[in-house]
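We did not get these values from a lab; they are worked out from the coordinates using the rules stated. Everything quoted here is computed from the prediction, not taken from an experiment. With ideal geometry, Cβ positions are generated from the backbone for all residues, glycine too; neighbour counts draw on all protein chains shown.
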């Protein structure tokens, strides 16, 4: 009940109450539309606020409502399987099967059987008929991961199935119609493989009507804290550990890492750090793997940082820190690295990143000159240490 009126009925009061009820209904409808719009901008299970991930979210929303084939590309560990599952879950076939299959590391003789099934007696050991992945996914979605690993004979058979929308099991001539949506993924460059003749061009065009590229984690570094927090909460609950967050140095080390293994590597690092953490509320640098600990050079920040953006300030601080260590040790890279608490290899990387050009001294191969000045080069190796900028 929205409202009530007394008898005898007052027409003007009735009109006023009806107008108010209509306005409330309009507001409720607008609020619902706004909430749906906000929720539609996020794909469940896909975390990230960066521009590359916003584009991925937009494409998922669009292609999920149609049944066209989709090719998901990107490096290993970027979350291609998560995208495939999201497309299925947001689409009209969400209540139907989602069947995933990876061609990676499977013998060619087993791939056809896995995909298309076999009849009883088709080969030695086939004691009963078996449905393949395509038939298991009937009415739903089949996700073919690492499709670039398929050999040319399997590519030809897959293309025929996609074109005719039917398949034949091994050992049978009977045709079985299929009704599936196909989503493929690969970490390979299929265009290059087409040019080299190792991937069929007609199959490539068949599976890549819409392409979604998953960015590498280093290309969306601003998402690292969000992902790290999500993994921390997940693993803290799974391992029954009470940890509330990260230190600044810990996050800085995560931001500095190159992440060749992408999100999967980050997930591994967070779980490892949490499992080995002992006796403190926040994950700190000492909980990180050794190779990441070297990236956390943010201890004892000066009270007044240089002007500019956060990344510019950190970069400037690093430069001054390295210069100071080199001045202290007369340009000796080994001793400077020891003072900084990093490896000599990482010091070399810093010299390149910060444009502090290394020049080996004749009498001491471990020394380094600071930023080279094209206008006034050092006259001799003996004066380099005194020319530290």
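Projecting label points 7 angstrom from Cα along Cα→Cβ for residue 152 and residue 196 puts them 1.4 nm apart.
Please compute the length gained on full extension between residue 128 and residue 344, using 0.36 nm multiplied by the number of residues separating them and subtracting their Cα-Cα distance.
Numbers: separation 216, 0.36 × 216 = 77.76 nm, distance 6.28 nm.
Once the chain is fully extended between residue 128 and residue 344, it gains 71.5 nm.
Is segment 130-184 rounded, prolate or oblate when judged by the Cα gyration tensor, a ≥ b ≥ c being the square roots of its eigenvalues, rounded requiring a/c under 1.5 and prolate requiring a/b larger than b/c? In terms of gyration-tensor shape, oblate. The order of the peptides 213-226, 187-200 by mean Cβ neighbours within 10 Å, most packed first, is 213-226, 187-200.
A compact globular protein would have a Cα radius of gyration near 2.2 N^0.38 Å; the ratio found for segment 69-218 is 1.04. Quick check for you: which residues of segment 106-137 have the amide N under 12 Å from the point 7 Å beyond the Cα of residue 174 toward its beta carbon? From segment 106-137, the list is 118-120, 129-131. Scoring 103-116, 325-338 by mean Cβ neighbours within 10 Å over their residues and listing the highest first yields 325-338, 103-116.
What the Cβ-Cβ distance of residue 114 and residue 237 gives, at R0 = 41 Å and to the nearest 0.05, is a FRET efficiency of 0.70.
With equal scatterers on the alpha carbons only and no solvent term, can you work out the Debye log10 of I(q)/I(0) for segment 220-293 at 0.13, 0.22, 0.24, 0.28 1/Å? Normalising to I(0) and taking log10 leaves -0.31, -0.94, -1.14, -1.61. When every Cα-Cα distance of segment 54-93 is counted in 10 angstrom steps from zero, the calculated P(r) takes the values 29, 60, 11 percent. Ordering 102, 64 by the number of other Cβ atoms within 10 Å of each residue's own Cβ, fewest first, gives 102, 64.
Modelled spin labels at residue 22 and residue 353, positioned 7 Å past Cα toward Cβ, are 6.4 nm from each other.
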